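Below is one structure, written out as structure tokens, with a few remarks after it.
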Amino acid sequence: MRLECRNLNFIYPGSDVAVLENLSFVMEEPGFNAVFGPSGVGKSSFARLLAHPRENRDSEIVTQGIHTVLYSYNLERLPGWSSTGSHLDKICPPGKEDLKKNLIQIFRLESVLDSRFSQLSMGQQNRMNLIRYLLQDFDLLILDESLANVDEKLRKKIILSVKEFFPDKMFLYISHNLMEVARFCREILVLGEASGQKENCMVRGRDYHKDYTLDKSSLDRVMLEIMNAF
């Protein structure tokens, strides 16, 4: 499994300022990877280009062993005419009923299955949306602030469970939480403050799993390396 970008460029229509300029990187093997950087550097634009690579003809996005890319983002809405539980039942593929039940329990959403999506809190909405994507067939799932408005303890539980349930899938995690990115992700693409001002770079994260003992000093070093990259 390989995700590679070669000289990725992106400019919004009507603008002269490049959001992404000559971005090149390689991510290999399944697991949790990340995109990190300050607001406005093009993280979401980059994610959408990966999800729809044919829309950008001035760059080359290479995927090996990645046939289906899904893009989940913060505050994405679900249809409001039925309960959230009914919606999950409807879209759940055959053979994934046990996975659905496990995810609902881990994501702590049992109590809202009879509620409409609009009745959920923002954190509950994001968790429900993420379950919807995890039940689909995918090779790469992009999580663009998909766990925003979820408390830290539950985010940790969700991330570790996703790693455990989907060891052969690739994830691209976009978050403003520096410690979380450094702790849970393997490869971290750090985008510079502004196009053309600083080089984008890759940082090796700690890739924490349930059975790992996390060394705080090594985590601090990764966080410092990320901060120095932009």
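Working from Cα pairs under 8 Å separated by at least six residues, relative contact order for the chain is 26 percent. Between segment 1-56 and segment 125-190, how far is it from one alpha carbon centroid to the other, in angstrom? Using only Cα atoms to place each centre, the spacing works out to 18 Å. Working value for segment 130-213: equivalent-ellipsoid semi-axes of 23, 15, 14 Å, each the square root of 5 times a Cα gyration tensor eigenvalue, largest first. Cα convex hull, segment 82-230: 127 Å³ per residue, rounded to a whole number. Extension gain for the segment residue 9 to residue 113, taken as residue separation times 0.36 nm less the Cα-Cα distance, is 33.2 nm to one decimal. Each of 73, 31, 123 was scored by the projection of its Cα onto the charge dipole of the chain, and the greatest displacement toward the positive side belongs to 123; charges sit on the C-beta of Lys, Arg, Asp and Glu.
Dividing the convex hull volume of the alpha-carbon atoms in segment 1-150 by its residue count gives 138 Å³ per residue.
Calculate for the chain the 222 nm mean residue ellipticity that helices alone would give, adding -39,500 (n - 2.57) per DSSP H run of length 4 or more and normalising by residue count, nearest 500 deg cm²/dmol. Result for the chain, helices only: -9500 deg cm²/dmol. Legend: distances between Cα atoms for 96/157; 43/169; 156/216; 100/216; 96/169; 101/216; pairs beyond 25 Å are 100/216; 101/216.
The aspartates and glutamates whose alpha-carbon is closer than 15 Å to the alpha-carbon of residue 210, local same-chain residues fewer than 8 away aside, are 164, 180.
Every number here is computed from the coordinates shown, using simple stated rules; none is lab data. Fair warning: this is a prediction, and the values are worked out from it, not measured in the lab. Positions of Cβ are generated from backbone atoms using ideal geometry, with glycine treated the same way; all protein chains shown enter the neighbour counts.
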